[in-house]
Amino acid sequence: MTKLVDGEDFSIIAKNKICYVTLSSPSTRNAISLRMASIMQSICVAKESNESLFEKFLIDQNCHLIVLQSDVEGIFSSGGNLIELQKNPAEVCHHYGPSIRAFCQLLHNFKIPSLSVLAGPSYGGGVEIALATDFRWSIGKNCDFHFTQTKFGIPPGWGGSLRLSELCPQLNPKKVSALILGKMKLDLSQMLYMGLVDKEFQNKKACMNAIEDWVNQISDCPKSVRDDLLDRQSFHNFQELEEYDIQTFNKYFLKDEHKKKIADFMKNKKKK
C-alpha cells in the first residue's frame, strides 16, 4: 500500500492496482474543507513535466482503477463546507472552487476508469463529485442525489451540470437547469433508470469483491491492448474513432498474443 494523501478526513492510497480516494470526516458529513481543497489543488495542478502529482502517482503505482468512496456511514458527501465558507472572506476562499473543479476534471478525464461507491446520499457539491467518475455503484437503497446548490444562492460550480448532460443525454441543458432550480432529489430507482447508477449491491463486501474482480479482468488484458482501448477517449469525431478502432483491431488480430489467448481459452474449456 502506497499513500499520496494521508489525512484523517481525506486520503489517497494505491493498493493492488486500485487507487482509493476516501472521504472520512464524520463531523462534517464529508464536506469538502478548505484544507482538502488546498490538497486537491497541490496534487492536481500540472507541473513542468505536464503531469500532476496525482497523475504521476496513478502511473507510477500502475493503477488500473480509481475508486472514490466514503468511510463515513450514512453519507457520501454533503458538498461544500458551509461553516468554513461562512467564516472566511472571499479572498481566503479564492482557490476553493477551482481546486475542487480541477480534482473532478482529473477523475473525469484521466485515462483509467473511475468509480464512485455510493453508500449514502450526496448533497450539492457532493453530487458533482460523484458525477465526476465514469461509473457509480450503490450499496443499499439510500444513495439519493440532492441538488441543493440554489438553496444557497449559487449554481453548480465543479462541473456537475455538464457531466449530468453527458451521462444522461436525455437531459438537455434546460432539463438539467430545471432539476437544479427545483432543488430536486433523485432516488436510487430514478438513478438506475437514468443510467447514473450502473450496479447495485446489498452490502459493502459484495461491492468490494466485484471491484477486485473487475480490476483482475482489466489486469488480464495485455498492456498494449489496454492502452490502445483507453486512448479511444481522445477521439471525438465518429469517423476518426471508427478508423482508429479498425486499425487497432487489425494491429492485434491473429498476432501471437491473440493466438495465445485463444489457445489458453480452449485449453481451460477442455479441462471443464
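Just so it is clear, none of the values below were taken in a lab; they were calculated from the coordinates. Bear in mind the structure is a predicted one, so any value in this text is a computation, not a measurement. Heads up, the Cβs are rebuilt from the backbone with ideal geometry, glycines too, and the neighbour counts pull from every protein chain shown.
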Can you tell me the Rg and Dmax of region 221-271, counting just the alpha carbons, in angstroms?
13.8, 45
Peptides ranked, highest mean first, by Cβ atoms within 10 Å: ranges 109-115, 75-81:
75-81, 109-115
Just add up the charged neighbours of Ile39: K/R +1, D/E -1, any other residue whose Cβ is under 13 Å from the Cβ of Ile39.
-1
Pairs Lys3/Lys56; Lys15/Lys204; Lys3/Lys87; Lys111/Lys260; Lys17/Lys251; Lys17/Lys260: which exceed 20 Å Cα-Cα?
Lys3/Lys87; Lys111/Lys260; Lys17/Lys251; Lys17/Lys260
Unpartnered Cys in the chain, judged by a 4.7 Å Cβ-Cβ cut-off, are Cys44, Cys93, Cys104, Cys143, Cys168, Cys207, Cys221
Under a Cβ-Cβ cut-off of 15 Å, what is the net charge of the residues other than Gly195 that fall near it, where Lys and Arg count +1 and Asp and Glu count -1?
-1
Here the longest stretch of the chain that holds no GluC sites (Glu not before Pro) in a DSSP loop having at most 14 other beta carbon atoms within 10 Å is 92-272
Around Ser165, with a cut-off of 15 angstrom between Cβ atoms, what is the net charge of the other residues, counting Lys and Arg +1 and Asp and Glu -1?
+1
Residue farthest toward the positive end of the dipole of the chain, with Cβ of Lys/Arg at +1 and Asp/Glu at -1: which of Cys93, Leu4, Met194?
Met194
The value for region 2-218 (convex hull of the alpha-carbon atoms, volume per residue, Å³) is 122
Checked against the positive end of the charge dipole of the chain (+1 on Cβ of Lys and Arg, -1 on Cβ of Asp and Glu, about the Cα centre), the farthest of Phe147, Met266, Asn209 is Met266
How big is the charge dipole of the chain about its Cα centre, in debye rounded to the nearest 20, if each Lys and Arg gets +1 on its Cβ and each Asp and Glu gets -1 on its Cβ?
820
